[in-house]
Structures are given as structure tokens and as C-alpha cells.
Amino acid sequence: NTHTHTHTHKVLCLNHNRVECLMRPKHQHQHQSHQHNLPHHTHSHSHSSPPHSPVLHSLQVLHLAYNGISNLLPLQLNRMSSLRALFLQGNELTKVEGLDELDELTELVLDRNKIKTIQNTSLSPLYGLRELHIEENRLKELPDLYPLVLLERVYLGMNRLQDFSELEKLAGLPRLVELSLIGNPVSRRMQHRFLLIHQLPSLQALDGIGVCEEERRAAEMSFRQQQQREEEEEAMEGGGGGGPLVGLGGPPEPSLPLPLMQPTGPLKVKNM
């Protein structure tokens with residue numbers, strides 16, 4: 001009976017089990033109460049709450065890694081409104097759902113699942129989120145992340161992202177200091193560095209490699225030059241208006257040698 005014995009705990013670790021639900025159904029409590037000839041009030045707190053009322057009020061950190069979970073809805077996670085960190089790595093998830101109302105959540109870990117797509121509405125209620133891990137999944141496109149303006153760290157390595165247009169969805173994250181795209185097709189030619197450095201002024205580390213000021217200046221200069229070339233071409237053709245920065249199939253080729261070292265993993269950058 002998870003609820004009966006953990007209602008005052010702040011951290012709950014249930015990794016490497018076969019957890020399917022965290023609150024037992026009402027009829028199961030009643031059946032067990034009858035079996036053991038216990039007073040009804042012994043279980044009244046467990047099943048007297050309305051189906052959608054908050055539970056586990058003190059729980060802040062929940063570990064559910066490697067449980068074979070394929071569906072989040074039976075867990076009723078949205079009733080645990082005090083959760084600040086949720087670890088769901090190593091499960092069988094194909095989609096993200098049932099996380100609405102987790103207003104206090106600051107860290108979400110979904111690594112090593114089977115997630116192909118994430119609906120825009122799946123993460124948008126998590127407006128307090130600061131760290132998001134979705135590595136080693138099957139993502140080909142990203143959801144709109146612009147509502148998550150407090151995001152500081154995003155880890156998307158080892159997915160199937162290949163279009164530069166997907167990277168533009170990260171441009172609206174004003175506090176992003178660390179980003180990992182290691183192992184995605186879009187990161188193979190390293191052109192994504194200039195694009196993201198240009199779009200994310202707060203970025204301090206990309207793919208485990210720090211962003212230096214020289215590289216940032218070179219990125220800005222390259223994009224200004226490309227924008228100028230595009231404007232000149234449009235003027236010559238008699239067109240009007242400016243096109244997107246990556247309208248020619250991707251960001252400009254770097255004019256500054258990029259770091260030669262290979263990233264060894266996410267570089268943890270402390271807040272300034």
C-alpha cells in the first residue's frame with residue numbers, strides 16, 4: 001500500500017520493479033479490510049478522497065526507472081502536485097501524457113524509452129521545468145518548447161533529429177545554458193553549432209563542449225554575412241522581404257575552426 005506508508009515521504013525510489021500503479025483501487029481496499037476484519041476507518045484516508053484529488057502531498061522526488069512502464073495514465077502522476085523531480089528512464093513509453101497539473105516539477109527524465117513523438121500539449125503545462133532529459137528515444141521532431149521559458153538544460157542525444165527546422169524550436173528558450181544533441185543526424189556535420197550559438201545567446205555548452213566568445217562572434221558574423229547575401233540576391237531578383245536564416249538548406253558553413261576534441265558526455269554548467 002504505497003499511499004498508506006509513504007504519505008509523509010519526500011523521496012520515493014521504486015526503480016527496477018514492475019510498478020503499474022501507485023494507488024490501489026477503492027474496491028481492493030474494501031476487500032482487504034473485510035478479509036482482515038479491520039475497522040473501516042483504518043483505510044478511510046486511502047479511498048475517501050475524490051478520484052482526482054491530490055495525493056502523496058509531501059512527495060518531491062519519484063524514481064520509477066526500469067519498471068517496464070508503457071502507459072503513464074494508470075500511475076495518476078498528475079495527482080502528485082508537489083513533485084519536483086520525476087525519473088522515468090528505461091521504460092517502454094511511446095508517448096508522454098498524464099503530467100498536467102505538476103506545476104512544481106523542475107526535472108523530468110525520459111531517457112531510454114521508445115518515444116517517437118511528443119504532443120505540444122504534453123509538456124506545455126510544465127512551465128516550471130528547468131531540466132529535461134529525452135536521450136536515447138526515437139524522436140524525429142520536437143514539440144513546441146516555447147512555453148517552458150525556465151528551461152536551463154535539455155538533453156536530446158541519440159535520437160533521430162535530422163532537420164535544422166527542428167532546432168529552431170529551441171530558439172525561444174531564453175535561459176538555456178546547456179544542450180546536447182550528440183548522436184542525432186542533425187549534429188553530424190557540426191553546422192548545428194553555429195545555428196544554435198546564434199539563436200541561443202545564453203548557451204554555455206553544446207554537446208559537451210563549451211561555447212567560447214570567439215566562436216560566438218564568428219557565428220554572429222557568419223549569419224550577418226549570409227543575411228546580407230540573401231538580401232542582395234532578393235534585391236537583384238526584384239523580390240521583397242527577408243527570408244529565414246536557414247532558408248538555403250541549413251546554417252552557413254563555419255568560418256572559424258570548431259573545437260577538435262570529442263565530447264565525452266554532458267558538460268554540467270552551474271548557474272551563474
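Mind checking which residues of region 158-201 are open to solvent by less than 30 Å² (accessible area, probe 1.4 Å), without any contact (Cβ under 8 Å) to a residue 40 or more places away in the chain and assigned to a loop (DSSP other than H, G, I, E, B)?
Selection gives Asn159, Leu161, Leu173, Leu176, Leu181, Asn184, Leu200.
Select from region 119-130 the residues that are closer than 20 Å to Leu179 by Cα, open to solvent by 40 Å² or more (accessible area, probe 1.4 Å) and not in a loop (DSSP other than H, G, I, E, B) and list them in ascending order.
Asn120
Quickly run through region 91-118 and pick out the residues that are in contact with a Ser or Thr (Cβ under 7 Å, 6 or more places away or on another chain), closer than 11 Å to Met80 by Cα and open to solvent by 10 Å² or more (accessible area, probe 1.4 Å).
Once the filter is applied, which keeps residues that are in contact with a Ser or Thr (Cβ under 7 Å, 6 or more places away or on another chain), closer than 11 Å to Met80 by Cα and open to solvent by 10 Å² or more (accessible area, probe 1.4 Å), region 91-118 yields Glu101, Asp103, Glu104.
Which of the residues spanning region 51-72 are over 20 Å from Thr106 (Cβ atoms) and at pLDDT 95 or above?
Tyr66, Asn67, Gly68, Ile69, Ser70, Asn71
Test Glu234 against the criterion of being open to solvent by 30 Å² or more (accessible area, probe 1.4 Å) and not hydrophobic (A, V, I, L, M, F, W, C), and give yes or no.
When the stated conditions are applied, Glu234 passes them.
The values are calculated or read from the model by the stated rules, or taken from the named source; none is laboratory data. Quantities reported herein were computed from a predicted structural model and do not represent experimental measurements. Neighbour counts run over all protein chains shown; Cβ positions are idealised from the backbone, glycine included. What goes into the accessible areas is simple: the full protein's heavy atoms, side chains included, and nothing from ligands, DNA or RNA. Shrake-Rupley method; radii C 1.70, N 1.55, O 1.52, S 1.80 Å.
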